[in-house]
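The values are calculated or read from the model by the stated rules, or taken from the named source; none is laboratory data. Keep in mind it's a predicted model, so treat the numbers as computed, not measured. Here Cβ is always computed from backbone atoms with ideal geometry, including for glycine, and neighbour counts include all displayed protein chains. Side chains are part of the model used for accessible areas, which takes the heavy atoms of the whole protein and leaves out ligands, DNA and RNA. Shrake-Rupley method; radii C 1.70, N 1.55, O 1.52, S 1.80 Å.
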Amino acid sequence: MIYDTVIIGGGVVGLSILRASLQAGYNAILLERNPHLCNEASGRNSGVICTGVDAPSGSLERALIRDSISRVREFCVEHNVPMRECGSLVCLWPWDEHDNITTDDEDEKKIDDDNTLVTKPGSPDDKLERVLQESLIAGDNATLLSSETVLNLEPSLSSQCRGAVHIPGEIVVDPWLFPLALATHARELGKQSIHGQNIDVIQTGREVVMDSSSFNTEEGIWNLVTRRCEKDSEDVDNGRIQTKSIINAVGVNSDLMQTSASSVVRNINPPTFAARPRRGQYIVYSAPP
């Protein structure tokens with residue numbers, strides 16, 4: 001069997017791509033080297049479906065985020081995945097105020113590139129104002145809240161909060177149930193697209209050995225070599241996987257995967273990016289009694 005595409009990486013992005021590929025009628029399969037899905041970054045996230053305020057204005061990233069959030073709502077309703085459209089607070093803390101303190105004697109206010117009046121660069125108010133402006137540009141009905149208003153909304157929050165921007169469009173989902181719902185639906189779709197062959201479209205504990213794989217330039221077919229990543233075992237599978245395309249969805253190791261692929265195929269460029277994961281600061285509150 002020659003697949004239309006092989007998705008490498010069993011996180012929320014890979015599972016979403018697999019589901020979308022199968023829905024579009026492609027013959028697709030997903031390979032995850034870990035024994036379980038969402039074993040890395042996707043299993044350690046906040047569950048916040050953001051509206052794109054962190055993405056650069058006018059970027060493809062922001063456009064995709066804005067497009068996806070409406071689809072997330074539809075998916076959660078259709079597949080009975082719990083979600084809360086509670087919005088989010090981007091808070092300003094005392095330690096933020098000292099990050100970019102400036103000593104310039106410039107005017108405290110200026111006009112930025114978007115002809116928006118902002119406060120002195122580096123000032124605390126400027127940080128929240130920029131978050132507010134980016135939220136409005138992204139399409140949110142965001143509002144700037146005083147510290148008193150924030151504490152009225154969230155009385156358990158530290159009194160050190162200096163203010164916040166409320167972004168109403170953000171959603172909270174269960175970080176486990178959401179990707180598992182994607183996986184369940186993908187498996188249901190896969191049963192219909194494999195033409196009766198008993199092949200799981202999601203295969204965990206199976207790693208692509210890119211250095212041993214090859215690409216037939218005349219036929220446009222990848223010959224992927226894989227190995228089982230079980231404990232104390234690095235045996236190479238007896239068979240190989242043939243596919244017309246590969247989708248790199250390995251997350252924080254995506255640049256390493258791109259480097260390996262470029263060593264196999266000359267017309268695949270080495271990565272021009274470096275994956276640099278960052279950890280957010282999240283607080284989980286216990287439910288009221």
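Taking the stretch 36-70 as the range and being open to solvent by 50 Å² or more (accessible area, probe 1.4 Å), assigned to a helix (DSSP H, G or I) and farther than 16 Å from Gly14 by Cα as the test, the residues that pass are Leu60, Glu61, Ala63, Arg66, Asp67, Ser70. Among residues that are in a strand (DSSP E or B) and either touching a residue at least 12 places away in the same chain (Cβ under 8 Å) or over 18 Å from Phe75 (Cβ atoms) (or both), Leu18 is not included. Taken over the stretch 71-83, residues that are open to solvent by less than 100 Å² (accessible area, probe 1.4 Å) and of a type outside the set (A, V, I, L, M, F, W, C) amount to 3.
A quick yes/no check of all residues on (1) at pLDDT 90 or above; (2) of a type in the set (Asp, Glu):
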| residue | (1), (2) |
| --- | --- |
| Glu108 | no, yes |
| Asp112 | no, yes |
| Asn115 | no, no |
| Gly122 | no, no |
| Gly139 | no, no |
| Leu153 | yes, no |
| Glu188 | yes, yes |
| Gln203 | yes, no |
| Asp211 | no, yes |
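Pairing each residue of the stretch 137-165 that is free of Cβ contacts under 8 Å to residues at least 24 places away in the same chain with any residue that is of a type in the set (Lys, Arg), provided the two are 6+ apart or on different chains, yields C-beta distances under 7 Å for Ser147/Arg162. A single entry from Ala20, Ala28, Ala63 fulfils the requirement of being of a type in the set (A, V, I, L, M) and more than 20 Å from the chain's Cα centre (by Cα): Ala28.
Within this structure, Ser254 fails the test of being open to solvent by less than 50 Å² (accessible area, probe 1.4 Å) and modelled with pLDDT under 90.
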